[in-house]
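Novice: Please find one structure pasted underneath; my questions will follow.
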Amino acid sequence: ISMREELTIVRSYLDIETARFCGRLRASFDVPSVLEEAKVPPMGVQSLVENAVKHGIAPQLGGGDIRVAALAENGNLRIQVSDSGSGFDLAVVPPGHGLENLVERLHALFGDTARLNAFRRDGRCVVEMVIPRV
């Protein structure tokens, strides 16, 4: 689906979660309009955002924030979902976890040209989905 369609779903989800968290969840988006028609796996960005809410924001008493960003680079689309949580290591994600399922979907769709990365940057947990830009 297009990035625009995916982000519509993500925004609706975050609206619900923001209400549920009573203002403890803040979200921002940095997706250039030129990337709105880029194709992304259905529910791919949504999976990253759900993971950030569940594992990054929910455990924090004071809540936190999530940022969704996208950029085009070397024929790829880099979609980054970052949160103010403590982070995690992709190598220890338990079987059946949403991120493991997303990795399998990316591999089925794009083979070795797609990947999921997790790292810390500027005190934030970042999970990045890299896919060919089509």
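Novice: Can you work out the accessible area per residue across the chain, with the rest of the protein chains kept in place, probe 1.4 Å, in square angstrom?
Specialist: Numbers: 6890 Å² over 134 residues.
Roughly 51 Å² per residue, with all protein chains present.
Novice: Here's a follow-up. Placing +1 at every Lys and Arg Cβ and -1 at every Asp and Glu Cβ, with all other atoms neutral, what dipole size does the chain have around its Cα centre, in debye to the nearest 20?
Specialist: Values: 15 positive and 17 negative charges, 44 e Å.
My answer is approximately 220 debye.
Novice: Shifting gears a bit: How far is helix 98-110 tilted, in degrees, relative to the longest principal axis of the Cα atoms in the chain, given as a value from 0 to 90 rounded to the nearest 10?
Specialist: With rounding to tens, the tilt is 10 degrees.
Novice: Could you tell me which GluC sites (Glu not before Pro) in the stretch 1-93 are loop residues by DSSP with no more than 14 other beta carbons within 10 angstrom of their beta carbon?
Specialist: Numbers: sites: E5, E6, E17, E36, E37, E50, E73; in loops: E36, E37.
Filter output for the stretch 1-93: E36, E37.
Novice: Determine Rg/Rh for the stretch 1-104; Rg is computed over alpha-carbon atoms and Rh is the Kirkwood hydrodynamic estimate from the same atoms. List each step's numbers first, then the result.
Specialist: Working: Rg = 13.8 Å, Rh = 14.3 Å.
So for the stretch 1-104, dividing Rg by the Kirkwood Rh gives 0.96.
Novice: Please arrange I16, I131, I1 by accessible surface area, largest first, computed with a 1.4 Å probe and ligands excluded.
Specialist: Numbers: I16 115, I131 0, I1 65 Å².
I get I16, I1, I131, largest accessible area first.
The values are calculated or read from the model by the stated rules, or taken from the named source; none is laboratory data. Worth saying up front: this structure is predicted, and the values here are computed from it rather than measured. Glycine also receives a Cβ, built like all others from the backbone with ideal geometry; neighbour counts cover every protein chain displayed. Each accessible area value is taken on the protein alone, full model and side chains, heavy atoms only, with ligands, DNA and RNA left out. Shrake-Rupley method; radii C 1.70, N 1.55, O 1.52, S 1.80 Å.
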